[in-house]
Amino acid sequence: MRPLERGTCPLDVTGQPLCFVTYQEARPELMERLGEYCSYCERRVGASMAVEHIEPRHHASHRALDWDNFLLSCVNCNSTKGAQPTLSLDVYLPDRDNTARAFQYEERGLSPHPELGPEQQDKARRTLKLLGLDRIPGTANPPPATDRRWFGRREAWNMAQRSLGRWQRRRGDPDIRESIIDLARSQGLWSIWMAVFETEPEIRQALIDAFPGTCRSCFDTNTRPVTRPGGSR
């Protein structure tokens, strides 16, 4: 899950923080800051992107128009998360934790990172369950027919693997690097590209730089994830 930096509330023409009449009005500003990607599953969604309340309105009506309570979400993540009390569940959140350290992405799916301690593993599992990202075909917890997020992850993994082969044959070629980044941006699924290019810091740094809103302070100079200031991971 890509760690995000939303930034402070946008300003109006007078230099004052924008006051949103409806939460949907924040969508253009969020998409400019974070890109056209779901903040949770990372798919590129575009036109059907929803403004997501991190802390659901059902439990925190006073934060319904709060910029710091907004992210972007696809319909699957948004509907699965629903009105569950996010903060009281103690989960990892991409705008406040370094979620790149919390999960391991593999060809089959994603799971809690093996370097997590037992309590952190439980927290990561709660996060995946909250969003339905633990649903994998052929297991005891399959996704419903309308949930194709697993297919998008598999497709991105295969694309990234083919791209890795091209890069290894022509490592350092700026045209190859640019084509890889363009393909990754067009598909989304940033964490999968980062996982496949695990040993290629040049591409990983380009991915960090290319996806808007990626929290750069979550990575060291070798693109390895580090503890996020103020976060729990």
Given [x] -0.65, -1.14; [y] -0.56, -1.33; [z] -0.68, -1.35, the label whose value is log10 I(q)/I(0) by the Debye sum over Cα atoms at q = 0.11, 0.17 Å⁻¹ derived from this model: [y]
Amide H partners (placed H, <5 Å) of E52, local residues excluded: L71, L72, S73
Region 1-79 shape via C-alpha gyration tensor axes, a/c threshold 1.5: oblate
Cα gyration tensor category, rounded, prolate or oblate, for region 124-233 with a/c compared to 1.5: oblate
Apportionment of accessible area to carbon and sulfur, the chain, percent (1.4 Å): 49
Among 64-76, 82-94, the order from most to least packed when residues are scored by Cβ within 10 Å on average: 64-76, 82-94
For region 141-184, accessible area per residue (1.4 Å probe, heavy atoms of protein chains only), Å²: 58
Whether region 75-157 is rounded, prolate or oblate, judged on the alpha carbon gyration tensor where a/c under 1.5 counts as rounded: oblate
Per residue value of the accessible surface for region 99-139 (all protein chains in place, 1.4 Å probe), Å²: 51
Low-density loop positions, GluC sites (Glu not before Pro), region 114-163 - DSSP coil, at most 10 other Cβ in 10 Å: E115
Distance from region 160-186 to region 31-54 (C-alpha centre basis), Å: 24
Computed [θ] at 222 nm, deg cm²/dmol, the chain (DSSP H ≥ 4; -39,500 (n - 2.57); rounded to nearest 500): -11000 deg cm²/dmol
Region 1-80, accessible area per residue, ligands and nucleic acids excluded (1.4 Å, Å²): 47
Relative contact order (percent, whole number), region 1-156, Cα cutoff 8 Å, 6+ residue spacing: 22
³J(HN,Hα) computed for each position of region 170-184 - Karplus, 6.51 cos²θ - 1.76 cosθ + 1.60, integer Hz, glycine/proline x: 9, 4, x, 6, x, 5, 5, 4, 5, 5, 5, 5, 4, 5, 4
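The values are calculated or read from the model by the stated rules, or taken from the named source; none is laboratory data. All of these numbers come straight from a predicted model, not from anything done at the bench. Virtual Cβ from ideal backbone geometry, glycine too; neighbours counted across all protein chains shown. Ligands, DNA and RNA are stripped out before the accessible areas are found, and what is left, the full protein with its side chains, is counted by its heavy atoms. Shrake-Rupley method; radii C 1.70, N 1.55, O 1.52, S 1.80 Å.
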